[in-house]
Number of protein chains: 6
Amino acid sequence: MIGSRILVEMKGDNHLLEGELESVDDYLNLHMLDTVEVADGERLRALGSVVLRGNNIILIMPVE
Amino acid sequence: MIGSRILVEMKGDNHLLEGELESVDDYLNLHMLDTVEVADGERLRALGSVVLRGNNIILIMPVE
Amino acid sequence: MIGSRILVEMKGDNHLLEGELESVDDYLNLHMLDTVEVADGERLRALGSVVLRGNNIILIMPVE
Amino acid sequence: MIGSRILVEMKGDNHLLEGELESVDDYLNLHMLDTVEVADGERLRALGSVVLRGNNIILIMPVE
Amino acid sequence: MIGSRILVEMKGDNHLLEGELESVDDYLNLHMLDTVEVADGERLRALGSVVLRGNNIILIMPVE
Amino acid sequence: MIGSRILVEMKGDNHLLEGELESVDDYLNLHMLDTVEVADGERLRALGSVVLRGNNIILIMPVE
């Protein structure tokens, strides 16, 4: 999935994040580029480059 | 259980997910196909291919 | 405790589950048979065979 | 602390549990005997022998 | 930081705890002495000797 | 990212923390200097030197 866009549901306040998957490590920590916060199908806020902590990820889906 | 349909309760907003179990790794991370979000016995939303993070799984049940 | 009935409190929506302990692994993941969801001392719902994720277990008690 | 009474705060619904510490493993999973649920300094309910999952423990205090 | 006073934010009901750091292990479990529960800058309750579970710590700050 | 300012979203009460990243260990525990609590784009409170527990981090972003 490296290089493709994914949607990630996290625990915490920014539940849904969509971005381009740049890299993944052994703990499923994700580095995403061009990340946007998403709610109800709308793009709320651009976050840019983010690191998501693997153990607080709920689910990961490819974005078509 | 690989290849059969399972119901998974997760922490977070999409509590119940039903899908076909494609693979499992050592951390109980699940790759499911043809996944649907379920609530009160109804299918809410089709999610397709998803990866569920093992440490945020509450329970797993086979679907008959 | 293998083969005996136990009561398990989980994080998440199905807080109390009672079942027959079929097996346990190193991560305290539990496989239970004939599992029922319990609330206020009453049996709410039969779940059958379930796998409970070890790190989301709060406590385990034997059922007399 | 083995053999002495301790008070344990857990995540989840039964926040405070007091009991005699029977054993501890490497993951800080605790086996307690004669366990009682405590709230506002009062003993609510006797639970007997319980296993508490280490990663869902918030804090442990000796009971004088 | 061993021997100095620290402020620790935990998940769960006793969010802020201040005490003297007695020891730390590899999992960041903390043993603190002379611990007090703190809220809104006030000392609520003396807890004495406590063990804090590392994975439920949010943050640690030195107290000047 | 060592030496640069980052924004960290945590689980718990102090959701957003901005500071200079001093060091990171294998568990993604972060030591930050000159840390401030942030809400709605405003700086709420200066916390100084803090250690953030890696498994309770939701996401990390560089601050431009």
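The values are calculated or read from the model by the stated rules, or taken from the named source; none is laboratory data. Computed from a predicted model, the values in this text were never measured in an experiment. So basically every Cβ, Gly included, is an ideal-geometry build from the backbone, and we count neighbours across all protein chains shown. Just the protein is used for accessible areas: all its heavy atoms, side chains included, with ligands, DNA and RNA removed. Shrake-Rupley method; radii C 1.70, N 1.55, O 1.52, S 1.80 Å.
Considering only residues that are open to solvent by 20 Å² or more (accessible area, probe 1.4 Å), modelled with pLDDT of 90 or more and within 10 Å of another protein chain (Cβ to nearest Cβ), which ones fall in segment F:9-26?
Residues satisfying the conditions are F:16, F:25.
Tell me which of these residue E:39 doesn't satisfy, since it passes every other one: (1) modelled with pLDDT under 95; (2) of a type in the set (A, V, I, L, M); (3) under 10 Å from the mean Cα position of the chain (by Cα); (4) under 20 Å from residue D:39 (Cβ atoms).
Residue E:39 satisfies all of (1) modelled with pLDDT under 95; (2) of a type in the set (A, V, I, L, M); (3) under 10 Å from the mean Cα position of the chain (by Cα); (4) under 20 Å from residue D:39 (Cβ atoms) except (3).
If residue E:6 satisfies all but one of (1) open to solvent by less than 10 Å² (accessible area, probe 1.4 Å); (2) at pLDDT below 95, what's the number of the condition it fails?
Residue E:6 satisfies all of (1) open to solvent by less than 10 Å² (accessible area, probe 1.4 Å); (2) at pLDDT below 95 except (2).
From the residues in segment B:30-64 that are open to solvent by 50 Å² or more (accessible area, probe 1.4 Å) and of a type in the set (Lys, Arg), which one is nearest to the other protein chains (Cβ to nearest Cβ)?
So, considering only residues that are open to solvent by 50 Å² or more (accessible area, probe 1.4 Å) and of a type in the set (Lys, Arg), the one nearest to the other protein chains (Cβ to nearest Cβ) is B:45.
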